[in-house]
Amino acid sequence: MLRHQLAVYSPVSLRAGGRAAGDALPFRADPRPLLLDELLSDYAAETGVLAGSGTQALHLALEEAKRRGGGAPVALPAFTCYDVASAAVGADVRVALYDVDPETLAPDPASLERVLAAGAGAALVGPLYGVPLPWEELRALADRHGAVLVEDAAQGHGASWRGRPLGSLGDLSVLSFGRGKGWTGGRGGALLARGGHGGPLRALPEPHAAAEAKTAALVAAQWLLGRPGVYGIPASIPGLGLGETVYHDPAPPEGITRAAAALVRHGREASRREGEARRASAAALLARLRDAPGVR
């Protein structure tokens, strides 16, 4: 019961959940403006918007990238999370694909350069599995072609590049607070923008009333099912499809729920400890692999 089931597990404590439940009540101060102000400060952004999911935040980022790029195609990595495809469909952007380096998972420079030279006005790049990207090279490449850099940092919480947190590097950056992320609200995401050059980010409608209850149920499920001994029960039921990759059609973006925003705020310390634990686990695994024959 003390072990955790990745990637179902997200760091959610009962104490943080209780405090978030209190802050989510309608007669309490709205936690969403407070969270947005904290994110703008922590990630050195000029403006931002909180969305109902990380995919919806990415949807908004691709719309903004299309606007800044004058409607030109957006370059997407050919290997990435399948929700990127859903966001591109929702944003109605024209897409050009580039390769990633199989050794580093960073964009293949020659492939990305070809796509930008062919007319892509923006490029989405993502630190897969939290592995930082070579930002100096990417910035120089984007500047050479006048392209917007969209940083999909959904998998990057807790990692940094030269002292700057992932999510603070792109012209547009996306954070995700969904299931399995290092920092969670049960659901939700954020788009953070820099160098807007005119035009505010799109305002989002309020989530439906039922969304608050759904958020609470999702957080409870994450807390309970994030243990192998418990997760094995629903995972053994074929009809639930747990662990399967299923494409979801894009949904119209809406604002984050009060409950999700409150849990993100109160879960910051748990997320910090989780990042330390994951880095320690990675260091231990790498140390063992150094002496493993035939492993590169």
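The values are calculated or read from the model by the stated rules, or taken from the named source; none is laboratory data. On a predicted model such as this, the values are computed, not experimentally measured, just so you know. Please note: Cβ atoms are built from the backbone with ideal geometry, for glycine as well, and neighbour counts cover all protein chains shown. Heavy atoms of the whole protein, side chains included, go into the accessibility calculation; ligands, DNA and RNA do not. Shrake-Rupley method; radii C 1.70, N 1.55, O 1.52, S 1.80 Å.
Condition test on residue 283, is it free of Cβ contacts under 8 Å to residues at least 40 places away in the same chain and either in a helix (DSSP H, G or I) or closer than 24 Å to residue 213 by Cα (or both)? The answer is yes for residue 283. Residue 206 falls short of the stated requirement of being acidic (Asp, Glu), under 22 Å from residue 14 (Cα atoms) and open to solvent by 30 Å² or more (accessible area, probe 1.4 Å). Within the stretch 152-168, which residues are open to solvent by less than 20 Å² (accessible area, probe 1.4 Å) and closer than 17 Å to residue 41 by Cα? Result: 153, 166, 167, 168.
Here residue 145 meets each of (1) within 20 Å of residue 84 (Cβ to Cβ); (2) modelled with pLDDT of 95 or more; (3) touching a helix residue (DSSP H, G or I) at 6+ places or on another chain (Cβ under 7 Å); (4) of a type outside the set (Ser, Thr, Tyr) with one exception, condition (1).
May I ask you to list the residues in the stretch 148-160 that are modelled with pLDDT of 95 or more and assigned to a strand (DSSP E or B)? Steps first, please.
Applying the first criterion (modelled with pLDDT of 95 or more) to the stretch 148-160 yields 148-153.
Passing the criteria: 148, 149, 150, 151, 152.
Can you find, within the stretch 125-139, the residue that is nearest to residue 64 (Cα to Cα) among those that are open to solvent by less than 50 Å² (accessible area, probe 1.4 Å) and hydrophobic (A, V, I, L, M, F, W, C)?
Filtering the stretch 125-139 for residues open to solvent by less than 50 Å² (accessible area, probe 1.4 Å) gives 125-128, 130, 133-135, 138.
Filter again for hydrophobic (A, V, I, L, M, F, W, C), leaving 125, 128, 133, 135, 138.
Details: 125: 15, 128: 22, 133: 22, 135: 21, 138: 19 Å.
Step by step, filter the stretch 125-139, then rank; the result is 125.
Of all residues in the stretch 13-30, those that are assigned to a loop (DSSP other than H, G, I, E, B), under 18 Å from residue 268 (Cα atoms) and at pLDDT below 80 total 2.
When you look at residue 104, is it crowded, with 16+ Cβ neighbours inside 10 Å, closer than 28 Å to residue 177 by Cα, in contact (Cβ under 8 Å) with a residue 12 or more places away in the chain and of a type in the set (Val, Ile, Thr), yes or no?
Values: crowded, with 16+ Cβ neighbours inside 10 Å: no; closer than 28 Å to residue 177 by Cα: yes; in contact (Cβ under 8 Å) with a residue 12 or more places away in the chain: yes; of a type in the set (Val, Ile, Thr): yes.
For residue 104, the condition - crowded, with 16+ Cβ neighbours inside 10 Å, closer than 28 Å to residue 177 by Cα, in contact (Cβ under 8 Å) with a residue 12 or more places away in the chain and of a type in the set (Val, Ile, Thr) - is not met.
Which residue is nearest to residue 23 (Cα to Cα), if the candidates are limited to the stretch 262-275 and must be in a helix (DSSP H, G or I) and open to solvent by less than 30 Å² (accessible area, probe 1.4 Å)? Of everything passing the filter in the stretch 262-275, 262 is nearest to residue 23 (Cα to Cα). Within the span defined as the stretch 240-261, one or more residues are in a helix (DSSP H, G or I), more than 19 Å from the chain's Cα centre (by Cα) and either modelled with pLDDT under 90 or not β-branched (Val, Ile, Thr) (or both).
Residues in the stretch 50-75 that are open to solvent by 10 Å² or more (accessible area, probe 1.4 Å), farther than 25 Å from residue 215 by Cα and under 18 Å from the mean Cα position of the chain (by Cα): 63, 64. Which of the residues spanning the stretch 135-182 are under 21 Å from residue 253 (Cβ atoms) and polar (S, T, N, Q)? Within the stretch 135-182, 155, 173, 176 meet the criteria. Can you pull out the residues in the stretch 169-180 that are part of a loop (DSSP other than H, G, I, E, B) and crowded, with 24+ Cβ neighbours inside 10 Å? Within the stretch 169-180, 169, 170, 177 meet the criteria.
For the residues 85, 120, the requirement of being touching a His at 6+ places or on another chain (Cβ under 9 Å) and either over 29 Å from residue 180 (Cβ atoms) or not in a loop (DSSP other than H, G, I, E, B) (or both) singles out 120.
Being modelled with pLDDT of 80 or more, more than 22 Å from residue 60 (Cα to Cα), under 18 Å from the mean Cα position of the chain (by Cα) and not hydroxyl-bearing (Ser, Thr, Tyr) holds for only one residue in 218, 169, 175, and it is 218. Here residue 187 clears all of (1) within 15 Å of residue 21 (Cα to Cα); (2) within 20 Å of the chain's Cα centre (by Cα); (3) among the charged types (D, E, K, R); (4) surrounded by fewer than 19 Cβ atoms within 10 Å (Cβ to Cβ) except the condition numbered (4).
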